[in-house]
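Note sheet for the following structure.
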Amino acid sequence: MFPANFLWGAATSAYQIEGDPLAAGAGASIWHQFAHQPGRIANGDTGDVACGHYRRWAEDVALMAELGLTAYRFSVAWGRVMPNGSGAVNQAGLDFYRRLIDALCERGITPMLTLYHWDLPQALQERGGWQHPDSPAWFADYAEVLIRAVDDRVPLWITLNEPWVVTVPGHLEGIHAPGLQNRAATPRVAHHLLLAHAAAVTVYRALGRHQIGLAVNLEPQFPVSASAADQAAAHRRDAFINRWFLDPLLLGSYPPELREIFGADWPDFPANELARIHGIPDFIGVNYYSRGLVQADTTEQPLGARRVKPQDAPCTTMGWEVYPAGLTETLLGLRERYGNVPLYITENGAAFIDADLQAGVINDAARVNYLETHLRAAQMALAQGVDLRGYFVWSLFDNFEWAEGYAQRFGLIQIDPLNGRRTFKRSAHWYREFIQSEINR
Ligand code: FCB
């Protein structure tokens, strides 16, 4: 069904699973800071313990091998490697990731390394964070440290995970770290993220020997009705979510809708900066969860649109509609708009309330169904010639789901909150068998 060299993976990120965020000389991240502010995270949860992966990484790599993964996507905590975000390198932090990567390679699991999955060092936030024009250079210096240290064993690199989420929930809505609601700053944050990506790619082209790309969250947008207002709203939301980052990267200019959306807050970005951003990555990572059903709503600013929950459609506990056809559409749509760039599905998965452990089994049938139908949707895009090279389930573990804390559970593997014990859910067993049957075909 899938190509012979297709990668079968699962994904995680540092702050969501590691715990011990300040261990061995690490500098605090904006997520550590944010999670410790009262009222920011559901149930007052933090990433202080998370899945305890910082301590249990060896056991976790053994679990990945048991699961039959051929690839693993993880992120590096910038502040473990550079506690102040720039300048001095903390060898102990680097060594943690070296050991992890060595263990993966020993098990024949291909590492896919994300440099930035939202945990900016707090020290850099205090200098202005992604609003600062030097932020792309800070990121490039950090990238260089990692590339020099581990490129010999890491064949797949991702600069940024979901720059849109950093931009909008982080700097416009204030529901993610750093918790800002600064509409005027938002377009520049996005621009600096794109320049940071480009600067890291430039370093990689000079020093790295493998492949580098970025991961974006994509969801096809549908108007809730046939009215002209709802159709226009869906179109604006498509520019806002799906094209804000990919258009400048792959086509060389921002979607014109962004200027309409942000009005006077949209700056005139210099042509030389847009030229620097414009460049084809080695691959695009697609994070796909659902579609957007969009209704015009002038009270929702700046977009003039909001996402509505569909009536009578299956949804996950995040309130996201289960809509596998949107994955096929997203993959085909990418090729149509941007050409045949190699793709990985770098995240796909679902949060559900899992049934209790019964006779040794957590029967998460809804998750199995989600994964099965989405894999079929991916296969439909492959059958139409899309250059899709791998699939990563979000997530390997139940983990710290950002503002939702531990309440939303995406894992193939359950983590006992009391003692950290790991238990395969039925979806993990199912995925292992699926991978086996693909590999042995
Ligand atoms: C994505 C994030 C990932 C996880 C999933 C559910 O936006 O990249 O860390 O939170 O959503």
Check: Applying the selection to segment 204-253, what residues are of a type in the set (Asp, Glu) and assigned to a helix (DSSP H, G or I)?
Finding: 230, 238, 247
Margin query: Regarding segment 112-120, can at least one residue be identified that is open to solvent by less than 30 Å² (accessible area, probe 1.4 Å), away from the ligand (no atom under 16 Å from the Cβ) and either at pLDDT 95 or above or part of a helix (DSSP H, G or I) (or both)?
Written below: no
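Here's the yes/no breakdown for (1) small (Gly, Ala, Ser); (2) closer than 25 Å to residue 405 by Cα; (3) touching a Cys at 6+ places or on another chain (Cβ under 9 Å):
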| residue | (1), (2), (3) |
| --- | --- |
| 9 | yes, yes, no |
| 37 | no, yes, no |
| 42 | yes, yes, no |
| 46 | no, yes, no |
| 69 | no, no, no |
| 77 | yes, yes, no |
| 83 | no, yes, no |
| 107 | no, no, no |
Check: Just checking, which of 386, 368, 393, 361 is away from the ligand (no atom under 16 Å from the Cβ), under 16 Å from residue 346 (Cα atoms) and β-branched (Val, Ile, Thr)?
Finding: 386
Check: So which of 25, 9, 47 ends up being touching a residue at least 60 places away in the same chain (Cβ under 8 Å) and surrounded by fewer than 23 Cβ atoms within 10 Å (Cβ to Cβ)?
Finding: 25
Notebook entry, point to check: Looking only at residues in segment 400-437 that are out of contact with any helix residue (DSSP H, G or I) (no Cβ under 7 Å at 6 or more places or on another chain) and among the small types (Gly, Ala, Ser), which one is farthest from the ligand (Cβ to nearest atom)?
Noted result: 437
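Conditions tested, residue by residue: (1) buried (at least 22 other Cβ atoms within 10 Å of the Cβ); (2) more than 26 Å from residue 97 (Cα to Cα); (3) more than 16 Å from the ligand (Cβ to nearest atom).
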{"site": "151", "(1), (2), (3)": "no, no, yes"}
{"site": "156", "(1), (2), (3)": "yes, no, yes"}
{"site": "167", "(1), (2), (3)": "yes, yes, no"}
{"site": "170", "(1), (2), (3)": "yes, yes, no"}
{"site": "187", "(1), (2), (3)": "yes, yes, yes"}
{"site": "197", "(1), (2), (3)": "yes, no, no"}
{"site": "200", "(1), (2), (3)": "yes, no, yes"}
{"site": "204", "(1), (2), (3)": "yes, no, yes"}
Checklist line | Candidate set from segment 254-276 (those that are in a loop (DSSP other than H, G, I, E, B) and of a type outside the set (Phe, Trp, Tyr)); member that is least open to solvent (accessible area, probe 1.4 Å) | finding: 255
Next item on the list: Using the structure shown, decide if residue 347 is within 16 Å of the ligand (Cβ to nearest atom) and of a type in the set (Asp, Glu).
Entry: yes
Notebook entry, point to check: Checking residue 75 against (1) surrounded by fewer than 21 Cβ atoms within 10 Å (Cβ to Cβ); (2) polar (S, T, N, Q); (3) within 27 Å of residue 136 (Cα to Cα); (4) under 20 Å from the mean Cα position of the chain (by Cα), which test does it fail?
Noted result: (1)
Margin query: Anything in segment 320-340 that is touching a helix residue (DSSP H, G or I) at 6+ places or on another chain (Cβ under 7 Å) and away from the ligand (no atom under 16 Å from the Cβ)? List them, or say none.
Written below: 324, 325, 328, 331, 332, 338
Next item on the list: Specify the residue that is nearest to the ligand (Cβ to nearest atom); the eligible residues are those in segment 123-144 that are open to solvent by 30 Å² or more (accessible area, probe 1.4 Å) and part of a helix (DSSP H, G or I).
Entry: 125
Margin query: For segment 206-217, which positions are within 16 Å of residue 117 (Cα to Cα) and either within 16 Å of the ligand (Cβ to nearest atom) or open to solvent by 60 Å² or more (accessible area, probe 1.4 Å) (or both)?
Written below: 213, 214, 215, 216, 217
Item checked: Complete set of residues in segment 421-436 that are more than 22 Å from the chain's Cα centre (by Cα) and buried (at least 17 other Cβ atoms within 10 Å of the Cβ) -> 422, 424, 425, 426, 430, 432, 434, 435
Item checked: Hits in segment 315-328 (condition: part of a helix (DSSP H, G or I) and crowded, with 19+ Cβ neighbours inside 10 Å) -> 326, 327, 328
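The values are calculated or read from the model by the stated rules, or taken from the named source; none is laboratory data. As the structure is a prediction and not an experimental result, all values here were calculated from the model. Heads up, the Cβs are rebuilt from the backbone with ideal geometry, glycines too, and the neighbour counts pull from every protein chain shown. Remember, those area values only see protein heavy atoms, side chains included, never the ligands or the DNA or RNA. Shrake-Rupley method; radii C 1.70, N 1.55, O 1.52, S 1.80 Å.
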